[in-house]
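Engineer: Here you go, one structure.
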There are 4 protein chains.
Amino acid sequence: MKALRYHGARDVRFEAMDDPVPESDRDAVVKVTACSICGSDLHIYHGHGFSEDMGFCVGHEAVGEVVEVGRAVQRVKVGDKVMLPAAVGCGACRSCLAGNVANCEFGLGACYGLSAKLQGSQAEAVRVPAADMNAVKVPDGVSMEQALMMTDAMATAWYGARRADIRPGSSVAVIGLGPIGLMAVESAFVMGAHVVYAIDPIAERRAMTAHTGAIVLHPEEALDRIKEDTRGAKLECVVEVVGSDATVDLALRLVARRGTVSVIGVQQSRRYAFPLERAFAAGLTFRAGTCSVPEELPALFPLVQSGRLKPERYISHRLPLSEGAEAYRLFEAREAGALKMVLTPG
Amino acid sequence: MKALRYHGARDVRFEAMDDPVPESDRDAVVKVTACSICGSDLHIYHGHGFSEDMGFCVGHEAVGEVVEVGRAVQRVKVGDKVMLPAAVGCGACRSCLAGNVANCEFGLGACYGLSAKLQGSQAEAVRVPAADMNAVKVPDGVSMEQALMMTDAMATAWYGARRADIRPGSSVAVIGLGPIGLMAVESAFVMGAHVVYAIDPIAERRAMTAHTGAIVLHPEEALDRIKEDTRGAKLECVVEVVGSDATVDLALRLVARRGTVSVIGVQQSRRYAFPLERAFAAGLTFRAGTCSVPEELPALFPLVQSGRLKPERYISHRLPLSEGAEAYRLFEAREAGALKMVLTPG
Amino acid sequence: MKALRYHGARDVRFEAMDDPVPESDRDAVVKVTACSICGSDLHIYHGHGFSEDMGFCVGHEAVGEVVEVGRAVQRVKVGDKVMLPAAVGCGACRSCLAGNVANCEFGLGACYGLSAKLQGSQAEAVRVPAADMNAVKVPDGVSMEQALMMTDAMATAWYGARRADIRPGSSVAVIGLGPIGLMAVESAFVMGAHVVYAIDPIAERRAMTAHTGAIVLHPEEALDRIKEDTRGAKLECVVEVVGSDATVDLALRLVARRGTVSVIGVQQSRRYAFPLERAFAAGLTFRAGTCSVPEELPALFPLVQSGRLKPERYISHRLPLSEGAEAYRLFEAREAGALKMVLTPG
Amino acid sequence: MKALRYHGARDVRFEAMDDPVPESDRDAVVKVTACSICGSDLHIYHGHGFSEDMGFCVGHEAVGEVVEVGRAVQRVKVGDKVMLPAAVGCGACRSCLAGNVANCEFGLGACYGLSAKLQGSQAEAVRVPAADMNAVKVPDGVSMEQALMMTDAMATAWYGARRADIRPGSSVAVIGLGPIGLMAVESAFVMGAHVVYAIDPIAERRAMTAHTGAIVLHPEEALDRIKEDTRGAKLECVVEVVGSDATVDLALRLVARRGTVSVIGVQQSRRYAFPLERAFAAGLTFRAGTCSVPEELPALFPLVQSGRLKPERYISHRLPLSEGAEAYRLFEAREAGALKMVLTPG
């Protein structure tokens, strides 16, 4: 088969690779019908891989069709349309079975496409470990593109909003308006936010946010404007979707007394200069973390089925998988309003 | 002054009455600028009063302007625009101060317009006991008509939806589509319901519900349709807004395993034949109750200010207070699409 | 093998039966090392079976050792010490995998020992369907007798207390002081109750409750005493563990405004005359239901391991399985302080 | 009257001062019958005052008897035994009325004894602003010493434990074993912790903790021991009661994936080097803050009345107020097992 393989910074190639095969009788092989590029794929693309491996297949967002199952697989069968949550569980421990992959009792929670150990899914096919858990049948009323958006980005946005303690009537800010930030804005409204401030330095992104009903702001004007609008009280819930010290700092400046900051932007800051005295005086809650995708799906499926969430509208490009290198280039440059790039095997 | 006074079944008269005066230095007098008729006023109108008194002034939904304050009143002053929550607290105990009038430690929680003890507010003016608590300044960005809707109906609708355990992604039914039911439908969507079934036997009311996005059903078709739509699972949350044994029964038939039924229709059923074996097998939660209005306001104000809730659209009639008797007649007959009847003193 | 078999009212016999065998490659066979009699077994013993079958093996509380596993079984192996939760899940749907057997998506939630379909575990051995889910390894620090108590009774007691909304500082009543009621008293204290009233008409049972720190009362004195102690406020949380209309009624009389009644006594009341007007005036929450055992285990294991809960102290009798008929007789008569009867095969 | 007055670092003098008088008709004057020294008083004692004032009266923990009330005061009267919560509310805004002083809508939340603006209560008498809110009648069944402990220390301990998300079955650590830490240990058990690790470098303090049932550890051994005991999982809930970067760091090392750290040690760290990448990988919740005392009292009163919490046992010294300077000296030196120092006016 052919797949997108990593050969170093800004060097992703569409080339031949061994066909995936089950490594245990609990595995399945899925023929990929669509996959997509995540913001965190850019970390690897920039040469900051999570491993020293070379030549491995990248990507962790994919949907497709089951083409082979090990004999112990019970819940999916050949021909099933499935989505592959980015967060891969062992499928055997109590935490994983409940969807909480992050707390796998055996420490086996994993992600596709970070090393040669678990090949990525920007490929014509992919091995799915513990397929009973990690291949999720796409429910009726959910399109394959919607399912693709829920394998990571939509689930992460929802998780981030949830962890900001958004309640009906809350005031909210979302910092960073890529696809996840945009979906966090929508999630906040579905959770009952009465107002959402959507903050990003790039004018084009702010423009793309207008349809959501959020108030769009440049980071430099955000604090003054929000203090004015709220008579100094600021906002109960802030979702940070960027992952830099500056945006975490902004989040902590925008939050009201007793409010909550939820950081979902991927963090590589070993030590962030946290304003502890201020947080103490204000009685803040601060959360950071990544999403265990399967945990979020029970709430997301009906909201997508009923059209209250429309993650598919943040797909900006649809390209053949063979043009994956170009897709990465466009995505990195944020050219042409790049949001979610979907790649389709030939 | 003049006021609507109760003289027996279907006999409400606009006639002279003593001007209200403070009875303690904690009271205020409010000149009513608008008041309205509640479904529960019909119980009195039908001669099922909550007291044996005659000639008392009816009504418990009003807004107006403070015209006199006792010397111990600190939080409102003459000239303030205020709303008068139907649920009146003692203003001194911890429960009332926290807004939980229902749990007044001295058992002094009360309501206007049920007897001569606390005269109603369908009048040109009304005495407000413990005005620091019971007269709430109308916040900026909330119109007087919106405030009027929040003195009881909107707060009750919100409370009913809240007590049905509605979460983002929930499936919901609302039984009974008067103003409170319609606002419960809206509340359910704001709380994140992915689907709301709105049920009423009257076709005209179902038609008025269409704009909300709910699926409207006649009670007789509800169970079959909901079972079909949900493949037998039925609905997680049901709000009952009628107050009859038949509708409570329907609520308990429509709810899913582990679901919640919230009854806010005024109950006069001393003993309802509860399907306990079935509730036990299904692991249900069943709640009934009336709202402590001040408790709900902190969530409601921002949602109304931002336009996520629009209670004023359920005002169907605006009449002079002097035509109160006619307003009651129209409301009872549900003529001309009667929803909320607003009465304005001359 | 030999087992306790049901032959009609008060006719349980220890006699030969076919050895259990796996019916699918997901099943296991467990050699029973201890089993016990549950209050709900008495319903069957009294001839009110849940099926028309005769000769089936009774019982749904057991622990033992795995002696055979189907080839698809992955999480337990021959030789493992296991407990068998009374609530049996399909082991394949999302609800069951998360421990919520009551909501099995395929409606396959079941219980041992109610019919010939799923033979009981008051036997020398028992077939365990979907053993990956339904055979739970006994963790370190939990004795086999503690595990036995958690297969049903302790989990039900905990669930009942949980569903009464007990919080640190709550006031609580528990009605019915069999083993489950006694463990509900302990659970209430672990959850932070500041006071627990333990209510039963049988003096001997009240005496056995004294060590818990609860205030023991006869049902006839309960209402007056509790009103006096609480100055009329009554109790925030009431757990009903009997299953009769009279005790449900008492529960609803003892609960405070805005309080919660949790019914876990097995209900066969098709229509209970619920005091709806009163519940409405008081804003009550009413819950009924049975426990999905696996859901409760994550909280219970550490509490038993650390000795905060000691379910084993409610074992009153240990008898050979061959004396099962006598054990049922003693248990029915509540002779000799019968609480939990443990039966040991050969 | 005489009072303890601040004259610079380590210079607190018992000397004459003007008698307190009401400054508004909402104030009261309370004759102090007992007051106590808080760990945060040491910050002032060490010369790190919260103001530049000299000669003001220190202290914020006191109980006493009302000797004068302004005419607008309604809920307390001369002769009432009262406790004075350290956190002083405006008594007029919705937040303060609900007990949430920290969120006073007018920003008027305050504390006694930090400056000349609101004199302290280590005195023979003290002015209490907005006495309806800030003077709390001591309930029946609560001793004056218990009430004194609840004016700050016990309420803070409870708040800290609450904000660590302690649930029945949780595993907990408390870092710092002064009176607040010791009461946090007790609070954790009341909330249902199955195990509490109590950590302090001072052997004498660890010895004083033994009776609580906690496992006592030196900070240097804590991480290894806890990892071993929990097979690497570490603890769900950590309460930090010291206020140094080192102890906050330890807290963040001891917490399990998805766990919560609650910081109640008074923070003066403007920028703490927070391990953000690690917190992100582990999905942590981090909270810091001080307590709004009145909010905690509804849960605390019944727990103290029933003896589940015994804050009075952490009183180590009882001295005349006239020996206040010596009390400060002993407390600073932690001599003779100094925990809570109670001072009694002549």
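Engineer: State the antiparallel share, in %, of DSSP beta bridges confined to chain C, rounding to the nearest 5. Mind showing how you got there, number by number?
Structural biologist: Working: 30 of 56 bridges.
Looking only at bridges with both residues in chain C, the antiparallel portion is about 55 percent.
Engineer: Among B:Val172, B:Gly47, B:Pro311, flag the residue with its Cα farthest along the positive direction of the charge dipole of chain B, charges on Cβ as +1 for Lys/Arg and -1 for Asp/Glu.
Structural biologist: Positive-most Cα among the choices belongs to B:Val172.
Engineer: Follow-up question, since we're still on this one. Quick one: which residues, 5 or more positions from A:Leu339 or on another chain, have an amide H under 5 Å from its amide H? H modelled 1.01 Å from N in the peptide plane, none for Pro or chain starts.
Structural biologist: Residues meeting the criterion, in which the H sits 1.01 Å from N, are A:Ser316, A:His317.
Engineer: What residues from the stretch B:86-101 fall in the zone where the backbone N is under 20 Å from a label point 7 Å along the Cα-to-C-beta line of B:Asp25?
Structural biologist: B:90-93
Engineer: For C:Ala125, which sequence-distant residues (separation of 5 or more, or a different chain) have an amide H within less than 5 Å of its own amide H, given hydrogens modelled in the peptide plane?
Structural biologist: C:Val32
Engineer: Taking only the alpha carbons of the stretch A:52-144, what extent do you get along each of the three principal axes, in Å, biggest first?
Structural biologist: 40, 32, 27
Engineer: Continuing with the same structure: Return the sequence-ordered ³J(HN,Hα) values of the stretch D:109-122 in whole Hz as given by the Karplus equation 6.51 cos²θ - 1.76 cosθ + 1.60 applied to θ = phi - 60°, using x for Gly and Pro.
Structural biologist: After applying 6.51 cos²θ - 1.76 cosθ + 1.60, I find x, 8, 9, 5, x, 9, 6, 6, 5, 9, 4, x, 10, 7 Hz.
Engineer: Let me ask another. Using the C-alpha gyration tensor of the stretch D:89-245, what are the square roots of 5 times its eigenvalues, in whole angstrom, with the largest one first?
Structural biologist: Details: eigenvalues 236, 58, 46 Å².
Each semi-axis is √(5λ); the values are 34, 17, 15 Å.
Engineer: So, one more: Probe radius 1.4 Å, ligands and nucleic acids left out: which of B:Met54, B:Met150, A:Met17 has the largest accessible area, and how do the rest follow?
Structural biologist: Correct descending sequence by accessible area is B:Met54, A:Met17, B:Met150.
Engineer: Here is a further query. Work out, in µm²/s and without decimals, the Stokes-Einstein translational diffusion coefficient of the stretch B:162-305 at 10 °C, 1.306 mPa s, Rh from Kirkwood over C-alpha pairs.
Structural biologist: Translational D for this selection: 104 µm²/s.
Engineer: Quick one: buried accessible area between C and D, total over both chains, 1.4 angstrom probe, nearest 100 Å²?
Structural biologist: Accessible area lost upon association: around 1200 Å².
Engineer: Over the stretch C:157-288, average the accessible area per residue using a 1.4 Å probe and give it in Å², no decimals.
Structural biologist: Details: 4400 Å² over 132 residues.
That works out to 33 Å² per residue.
Engineer: Return the lysines within reach of B:Lys117: Cα separation strictly under 27 angstrom, same-chain partners fewer than 8 residues apart disregarded; answer none if there are no such residues.
Structural biologist: B:Lys2, B:Lys31, B:Lys77, B:Lys81, B:Lys137, B:Lys340
Engineer: Which distances, in nm and shortest first, link the D:Arg71 label point to the same label point in every other copy, taking 7 Å along Cα→Cβ?
Structural biologist: 0.3, 9.5, 9.5
Engineer: Moving to a separate point now. Distance in nm between label sites at A:Arg75 and D:Ala325, each 7 Å beyond Cα in the beta-carbon direction?
Structural biologist: It is 7.4 nm.
Engineer: Viscosity 1.567 mPa s, temperature 4 °C: give me the Stokes-Einstein translational D for chain D in µm²/s, with Rh taken as the Kirkwood radius over C-alpha pairs.
Structural biologist: Working: Rh = 20.5 Å.
Answer from the Stokes-Einstein relation: 63 µm²/s.
Engineer: Next question, about the same structure. When the dipole is taken about the Cα centre of the stretch C:163-310, and only Lys, Arg (+1) and Asp, Glu (-1) are charged at their Cβ, what size is it in debye, to the nearest 20?
Structural biologist: With Lys and Arg at +1 and Asp and Glu at -1, about 300 debye.
Engineer: When the accessible area of each residue in the stretch D:66-83 is compared between its chain alone and the complete protein assembly (1.4 Å probe; ligands, DNA and RNA ignored), which residues differ by at least 10 Å², being lower in the assembly?
Structural biologist: Listed in order, they are D:Arg71, D:Ala72, D:Gln74, D:Arg75.
Engineer: Only bridges whose two residues both fall in the stretch A:47-196 count here: according to DSSP, what percent of them are antiparallel, nearest 5?
Structural biologist: Taking every DSSP beta bridge within the stretch A:47-196, about 80 percent pair in antiparallel fashion.
Engineer: Can you list the residues of the stretch C:176-196 that have at least 40 square angstrom less accessible area with all protein chains present than in their chain by itself, probe 1.4 Å?
Structural biologist: C:His194
Engineer: Can you send over the carbon and sulfur percentage of the accessible area for the stretch B:155-288, probe radius 1.4 Å, protein chains only?
Structural biologist: That share works out to 51 percent.
Engineer: Return the sequence-ordered ³J(HN,Hα) values of the stretch D:32-42 in whole Hz as given by the Karplus equation 6.51 cos²θ - 1.76 cosθ + 1.60 applied to θ = phi - 60°, using x for Gly and Pro.
Structural biologist: Whole-Hz 3J(HN,Hα) from phi for the stretch D:32-42: 6, 9, 7, 9, 8, 9, 9, x, 6, 4, 5.
Engineer: Assuming a ≥ b ≥ c are the square roots of the Cα gyration tensor eigenvalues, decide whether the stretch A:90-146 counts as rounded (a/c under 1.5), prolate (otherwise, with a/b larger than b/c) or oblate.
Structural biologist: On the way: a/c = 2.36, a/b = 1.17, b/c = 2.01.
Oblate.
Engineer: Calculate, for D:Thr33 and D:Arg13, the FRET efficiency according to 1/(1 + (r/R0)^6) with r their C-beta to C-beta distance and R0 25 Å; round to the nearest 0.05.
Structural biologist: 0.70
Engineer: Considering only DSSP beta bridges whose two residues both sit in the protein assembly as shown, what percent are antiparallel, to the nearest 5?
Structural biologist: If I count the DSSP bridges inside the protein assembly as shown, around 55 percent turn out antiparallel.
Engineer: Taking only C-alpha pairs under 8 Å that are 6+ residues apart, what is the relative contact order of the stretch D:158-217 in percent?
Structural biologist: 34
Engineer: To the nearest 20 Debye, how big is the dipole of the stretch D:46-89 about its Cα centre, given +1 on the beta carbon of each Lys and Arg and -1 on that of each Asp and Glu? Don't skip to the answer; put the middle values down first.
Structural biologist: Working: 4 positive and 6 negative charges, 66 e Å.
With only Lys, Arg, Asp and Glu charged at Cβ, the dipole is about 320 debye.
Engineer: How crowded by other chains is A:89-97, given as the mean number of beta carbons from other chains within 10 Å of each beta carbon?
Structural biologist: Mean shielding by partner chains, rounded to a whole number: 3.
Engineer: At 7 angstrom along the Cα-to-beta-carbon line, where would the label on A:Lys137 sit relative to the other copies? Give the distances in nm, shortest first.
Structural biologist: Result, one decimal in nm: 3.0, 5.9, 6.4.
Engineer: Pop a pseudo-label 7 angstrom from the Cα along the beta-carbon direction at both B:Glu228 and B:Ala246 and give the gap in nm to one decimal.
Structural biologist: 2.3
Engineer: Near the amide H of B:Arg258, under 5 Å away, which other amide H atoms are found, from residues 5 or more places off or on another chain, if H is placed in the peptide plane?
Structural biologist: B:Gly283, B:Leu284
Engineer: Okay, next question. On the rotation axis linking copies D and C, which residue of D comes nearest by its Cβ, and by how many whole Å?
Structural biologist: D:Gly192, 3
Engineer: Pull out a ≥ b ≥ c, the square roots of the eigenvalues of the alpha-carbon gyration tensor of the stretch A:1-117, then state rounded if a/c is under 1.5, prolate if not and a/b is larger than b/c, and oblate in the remaining case. Each step should come with its number before you reach the end.
Structural biologist: On the way: a/c = 1.99, a/b = 1.33, b/c = 1.50.
It is oblate, given that a/c is not under 1.5 and a/b is not larger than b/c.
Engineer: Here's a follow-up. Given a Förster radius of 22 Å and the C-beta distance between A:Glu332 and A:Lys117 as r, what FRET efficiency does 1/(1 + (r/R0)^6) yield to the nearest 0.05?
Structural biologist: Efficiency, rounded to the nearest 0.05: 0.30.
Engineer: Give, rounded to the nearest 20 debye, the magnitude of the charge dipole that chain C has about its Cα centre when Lys and Arg contribute +1 at Cβ and Asp and Glu contribute -1 at Cβ. Can you show the working numbers first?
Structural biologist: Working: 37 positive and 41 negative charges, 182 e Å.
Using only the charged Cβ atoms, the result is roughly 880 debye.
Engineer: Normalised by the number of residues in the stretch A:155-288, what is the relative contact order in percent for Cα pairs under 8 Å and 6+ residues apart?
Structural biologist: 24
Engineer: Considering only B:Ala256, B:Pro201, B:His211, whose Cα is most displaced toward the positive end of the charge dipole of the stretch B:186-288, charges sitting on Cβ of Lys, Arg (+1) and Asp, Glu (-1)?
Structural biologist: The residue sitting farthest along the positive end of the dipole is B:Ala256.
Engineer: Here is a follow-up. Under 1.5 on a/c is rounded, so check that first for the stretch C:281-340, then, if it is not, pick prolate when a/b is larger than b/c and oblate when it is not; a ≥ b ≥ c are the square roots of the alpha carbon gyration tensor eigenvalues.
Structural biologist: Judged from the Cα gyration tensor, the stretch C:281-340 comes out oblate (a/c at least 1.5, b/c at or above a/b).
Engineer: Please average, across the residues of C:289-296, the number of beta carbons from any other chain that are within 10 Å of each residue's own beta carbon, and give a whole number.
Structural biologist: For peptide C:289-296, the averaged partner shielding equals 2.
Engineer: Something else: Tell me the Kirkwood radius of the protein assembly as shown: reciprocal of the mean inverse pair distance over distinct alpha-carbon atoms, in Å.
Structural biologist: 33.9
Engineer: Ordered shortest first, which distances in nm separate the 7 Å Cα→C-beta label point of A:Ala9 from those of the other copies?
Structural biologist: 5.1, 8.7, 8.9
Engineer: If you don't mind, another one. Please give the calculated 222 nm ellipticity per residue for chain B, where each DSSP H segment of at least 4 residues contributes -39500 (n - 2.57) and the sum is spread over every residue; nearest 500 deg cm²/dmol? The partial results should precede the final answer.
Structural biologist: Working: 12 runs with 102 residues, N = 346.
Theoretical 222 nm ellipticity from helices: -8000 deg cm²/dmol.
Engineer: Let me ask something additional. Just to check I understand the Karplus step: with θ = phi - 60° and J = 6.51 cos²θ - 1.76 cosθ + 1.60, what whole-Hz values come out for the stretch A:21-30, glycine and proline as x?
Structural biologist: Once rounded to whole Hz, the list reads 9, x, 9, 8, 6, 9, 8, 9, 10, 10.
Engineer: A further question on this structure: Normalising by the residue count of chain A, find the relative contact order in percent from Cα pairs under 8 Å and 6+ residues apart.
Structural biologist: For chain A, the relative contact order is 18 percent.
The values are calculated or read from the model by the stated rules, or taken from the named source; none is laboratory data. Given the structure is predicted, the values throughout are model-derived calculations rather than measurements. Every residue, glycine as well, gets a Cβ built from its backbone with ideal geometry; the counts of neighbours run over all protein chains shown. With ligands, DNA and RNA removed, areas are computed over all heavy atoms of the protein, side chains included. Shrake-Rupley method; radii C 1.70, N 1.55, O 1.52, S 1.80 Å.
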